Amino acid sequence: MLPTELSPHSPMGEVLDTLPGAKRAIFARYHLGGCQSCAFSNDETLAALCERSEIPVDEMLQHLLASHAHDEAMLMEPTVARAALPGLRMIDLRTREEHEAVVLPNSEFFTQELQQQLFAGDSSARLLLFDHSGKNVLDQVAWFRGHGLKETYGLRGGIDAWSREIDPSIPRYRLEMD
């Protein structure tokens, strides 16, 4: 079921905040939101977007629901990730500066060289990708899975959740863009 706070009258900004993969899901199925001619604003309601695009709002809501369930299956809770160690290879998707300032033990900084090694390596390897807050990790997980690495997951809440729930010795920090 769709989160109860969402309705056809919800602004798209609220939809995107509530369902982190909604923009990707809407673009993939309806080609909306990817360019200037099909863009939508955060203030436009889901119903208005559907009406001007001639898409039944119930259809889009069902698509968002299915996409959200799919996204949820690609995320791993910090406690589950900790229990799965050392069977997970932890890949840090943050900037080099963030990685150098705050490091999760046994994690690897994602570089183009590492990407090539991963894509050429064992396709059954279990990978855990993480960013700062978990807000941007789903696209990367989908990209890795699309390249054959089906056991790739994203850390729900990112390194910030790891610090709060698993290891308080990992310093927390705030990014101005979060």
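Taking segment 1-79 and the helices (runs of 4 or more DSSP H) fully enclosed by it, the elements with 1 or more residues that are aliphatic (A, V, I, L, M) and within 30 Å of Pro168 (Cβ to Cβ) are at 57-73. If you take the residues in segment 88-143 that are at pLDDT below 95 and among the aromatic types (Phe, Trp, Tyr), which one is farthest from Trp162 (Cα to Cα)? For segment 88-143, the residue satisfying everything is Phe119.
For segment 108-156, the set of residues classified as closer than 15 Å to Met76 by Cβ, among the hydrophobic types (A, V, I, L, M, F, W, C) and outside any helix (DSSP H, G or I) consists of Ala125, Leu127, Leu128, Leu129, Phe130, Leu149, Leu155, listed by residue number. Every condition in (1) without any contact (Cβ under 8 Å) to a residue 24 or more places away in the chain; (2) surrounded by fewer than 19 Cβ atoms within 10 Å (Cβ to Cβ); (3) out of contact with any helix residue (DSSP H, G or I) (no Cβ under 6 Å at 6 or more places or on another chain); (4) under 21 Å from Leu85 (Cβ atoms) is met by Pro171 except one, and the failing one is (1). Being more than 19 Å from Ala84 (Cβ to Cβ) and surrounded by fewer than 16 Cβ atoms within 10 Å (Cβ to Cβ) is the filter; apply it to segment 140-166 and report the residue that is nearest to the chain's Cα centre (by Cα). So the residue we want is Trp143.
Which one is surrounded by the most Cβ atoms within 10 Å (Cβ to Cβ) among residues in segment 28-56 that are closer than 30 Å to Gly154 by Cα and touching a His at 6+ places or on another chain (Cβ under 7 Å)? In this case the residue turns out to be Thr45. If you go through segment 157-178 and keep only what is assigned to a helix (DSSP H, G or I), acidic (Asp, Glu) and over 16 Å from Asp92 (Cβ atoms), you end up with just Glu165. Take Ala84 and tell me if it is in the same structural domain as Asn136 (by TED's automatic domain parsing) and under 30 Å from Leu127 (Cα atoms). Yes; evaluated as a whole, the condition is true for this residue. Only one entry of Glu97, Glu59 meets the criterion of being outside the structural domain of Arg145 (by TED's automatic domain parsing), over 22 Å from Phe144 (Cα atoms), loosely packed, with under 15 Cβ neighbours inside 10 Å and without any contact (Cβ under 8 Å) to a residue 60 or more places away in the chain, and that entry is Glu59.
The values are calculated or read from the model by the stated rules, or taken from the named source; none is laboratory data. Every value quoted in this text rests on a predicted model; they were computed, and no experiment measured them. As a convention, Cβ positions derive from the backbone with ideal geometry for all residues, glycine included, and neighbour counts pool all protein chains shown.
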